[in-house]
Amino acid sequence: MGMTVEDVMTSKVVSVTATTPFKALAETLVSNGVSAVPVLDDDNHVIGVVSEADLLCKEEFREQFYPEGYRPPLRTWLRHHKSRKKAEGDTASNLMTSPAVTVPLEASAVVAARLMDAHGVKRLPVIDYNGRLQGIVSRCDLVKLFLRGDEEIAAEVRDDILGRTLWFDTSGVTVSVNEGVVTLSGRMERRAEAAIAVRVVGGVNGVVSVADELAWKIDDSAWQA
């Protein structure tokens, strides 16, 4: 349960250095079919990321002008000020976004997904405990988690979650999986325990949703309030 970034990342990484020139950056992105590359120092530490958007700043400002007397909104001005500086750059050091948003090897896939969402990025450099590059994890890598087969998911739920992880009796629970949807049926001792089982199963990699068809002997929900 709970695959880590190391389990799903791509270990073969295309990278550049701070001195890589603009045209070489463009060629690296196009020839390797990637939208961004990490920028490394001499010790393999990630010091930034250069993306297609960073390079396109140069094209964005090639013919840009404002009509006389026009004052752009502050948000637009701030974005344009930052982008204009990148438009003048000619090496990775003055084009990259720094510091880079990275994720540790041992982080869960959920943490990686939340980082991508929070920072609006499609991929993250993966680093070890020394901050050195170990791989790249992308949105596509995380989506692949949902390709797990129903039988594999069912086996993990039965053997790992119900059989070992949960500390209460789950012998009366039946598990079935169809297209990633897990159905839990049967009978448990307490309602609160049934709710915990549903929540934990929902965290298994590849689970789309959990259908709760569990019954219980004791309704202890009021005791939890």
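Laboratory data are not the source of any read-out in this text; all were calculated from the coordinates shown. Just so it is clear, the model here is predicted, and its values are computed rather than measured. Positions of Cβ are backbone-derived with ideal geometry, glycine not excepted, and every protein chain shown enters the neighbour counts.
Note down the nm distance, to one decimal, between modelled labels 7 Å out along Cα→Cβ at Val181 and at Asp43. Result for the modelled spin labels: 5.3 nm. So if I take the centroid of the Cα atoms in the stretch 103-157 and the same for the stretch 1-30, what is the distance between those two points in Å? A separation of 15 Å, based on Cα centres. Each listed q (0.16, 0.18, 0.21, 0.22 Å⁻¹) maps to a log10 I(q)/I(0) for the stretch 86-191, found by the Debye formula over equal Cα scatterers with no solvent: -0.88, -0.98, -1.09, -1.13.
If R0 equals 30 Å, the separation of the Cβ atoms of Asp7 and Asp169 corresponds to a calculated FRET efficiency of about 0.45. Put simply, the amide H of Gly186, placed in the peptide plane, has neighbours under 5 Å in Thr174, Ala215, leaving out anything fewer than 5 places away on its chain. P(r) for the stretch 130-225, from all Cα pairs and a bin width of 10 Å, is 15, 42, 24, 13, 6, 0 %, short bins first. Could I have the simple spin-label model distance between Val101 and His119, label points 7 Å from Cα toward Cβ, reported in nm to one decimal? It works out to 0.6 nm between the two label points.
In this simple spin-label approximation, Val30 and Val198 carry label points 7 Å from Cα along the Cα→Cβ vector, and these lie 5.4 nm apart.
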